[in-house]
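Peer 1: Below are the structure tokens for one structure; questions will follow.
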Amino acid sequence: MKRLRDFFKNSSYAGFLYAILSVVFMSPIFIIVSIVTREMPTETANFMFFGSGLLVTFAISTMQKKNTHIIKLARNHFRPLFLLGAINAAAAILFFMGIKAIGPSTAAFISRFETVFTIFLGAVILKEKFGKVDALGIAITVIGALLITYSDVSIALGSFLILASSVIISFQRILLKKHVSRIRPSELNQLRLLFTTSLLLVYVVATSKLVVPSVGNALLIMLGGIMAPVIGFYFMLKSMERMEVSKTMTIKAIEPFAVIVMASTLLGSSISPEQVFGGGIMITGIIILAVAHKRQAVNKSQITVAVD
């Protein structure tokens, strides 16, 4: 046990392992959403998903006796946190609708556009460096996405929903950099879940889509709410602490392929060879972007960590 703790504390390979664990815990959400939204409105699924994660984080902060501190942070940073929650809620709504429309495998590929939009918005809003290699990476990624959607026109609307979600999530990352960088990642995640869940509750009640799910679906969406925004998010942050964010982004690029394996095994679904080819081109573009930003970071002797 001591050797294992020392490995996670000191080994340079720990960052890679954390990134892989992040993929393991975040990938199943595509499958879970696809299953539960067959019988449950996406609005209810959204609320239960984030609500489950919120309950877990509050249980942890209660054991650590930090609830008073969390409430104080919420008051002191109300405006940016409210905006963060609104952005996250909007992205989640579009994300769940997109998965229901086009299935988990294709949605997983299209969702990787988060990296492209984050880099582009960083250049526009934060004036971060944007070079020719970045442009090449984005161009290749766009070509891959076009191949995915061109192979099946019926998935165009669902792809647009996932793309819109990715744009919003990317803007959320910029907001995190600009306004709430002083908050510890674990506390920030809890506050993000608090404001997101509160707004999703208002949304699900306003749309009259709050229903009582079956026990199986309820347990499944609650499991997903714990796996992705709590455990998966934690491992992602730990990975970014141990190695460059560009490497974490590169490893997360395998997420769509993990989703394809799970979708084929658990749902019996598949995507066409053309879509897999387009997805592979997309991932190539993402890796080029990651490598380009790694080189920029080395040149500046500074690594910028973007919170997902």
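The values are calculated or read from the model by the stated rules, or taken from the named source; none is laboratory data. Because the structure is a prediction, the values reported are computed rather than measured. Every residue, glycine among them, receives a Cβ derived from its backbone with ideal geometry; neighbour counts consider all protein chains shown.
Peer 1: For the structure I just gave you, tell me whether F95 is crowded, with 20+ Cβ neighbours inside 10 Å, in a helix (DSSP H, G or I) and in contact (Cβ under 8 Å) with a residue 12 or more places away in the chain.
Peer 2: It is true that F95 is crowded, with 20+ Cβ neighbours inside 10 Å, in a helix (DSSP H, G or I) and in contact (Cβ under 8 Å) with a residue 12 or more places away in the chain.
Peer 1: Just give me the residues in the stretch 260-276 being among the hydrophobic types (A, V, I, L, M, F, W, C), closer than 23 Å to I143 by Cα and either modelled with pLDDT under 75 or surrounded by fewer than 21 Cβ atoms within 10 Å (Cβ to Cβ) (or both), in sequence order.
Peer 2: Answer for the stretch 260-276, where residues must be among the hydrophobic types (A, V, I, L, M, F, W, C), closer than 23 Å to I143 by Cα and either modelled with pLDDT under 75 or surrounded by fewer than 21 Cβ atoms within 10 Å (Cβ to Cβ) (or both): I271, V276.
Peer 1: Then there's this: Of the residues G224, G285, G232, G279, which is of a type in the set (G, A, S), more than 21 Å from I31 (Cβ to Cβ), surrounded by 14 or more Cβ atoms within 10 Å (Cβ to Cβ) and at pLDDT 70 or above?
Peer 2: Just a single option satisfies the conditions, and that option is G285.
Peer 1: While we're on this one: Just checking, does the stretch 245-259 include any residue being buried (at least 16 other Cβ atoms within 10 Å of the Cβ), on the phi < 0 side of the Ramachandran plot, among the aliphatic types (A, V, I, L, M) and modelled with pLDDT under 70?
Peer 2: Scanning the stretch 245-259 turns up at least one residue that is buried (at least 16 other Cβ atoms within 10 Å of the Cβ), on the phi < 0 side of the Ramachandran plot, among the aliphatic types (A, V, I, L, M) and modelled with pLDDT under 70.
Peer 1: Could I ask something else about it? Scan the stretch 159-186 residue by residue and report those that are modelled with pLDDT under 85, part of a helix (DSSP H, G or I) and either at positive phi or of a type outside the set (S, T, N, Q) (or both).
Peer 2: Within the stretch 159-186, I169, F171, R173, I174, L175, L176, K177, K178, H179, P185 qualify.
Peer 1: Among (1) more than 15 Å from M222 (Cα to Cα); (2) of a type outside the set (D, E); (3) not in a helix (DSSP H, G or I), there is one condition M40 misses while meeting the rest; what is its number?
Peer 2: Failing condition for M40: (1).
Peer 1: Can you tell me how many residues in the stretch 98-110 are part of a helix (DSSP H, G or I) and surrounded by fewer than 23 Cβ atoms within 10 Å (Cβ to Cβ)?
Peer 2: 2
Peer 1: Please count how many residues of the stretch 26-40 are touching a residue at least 60 places away in the same chain (Cβ under 8 Å) and out of contact with any Leu (no Cβ under 8 Å at 6 or more places or on another chain).
Peer 2: 9
Peer 1: May I ask you to verify whether L194 is farther than 24 Å from V24 by Cα, aliphatic (A, V, I, L, M) and at pLDDT 90 or above?
Peer 2: In short, yes.
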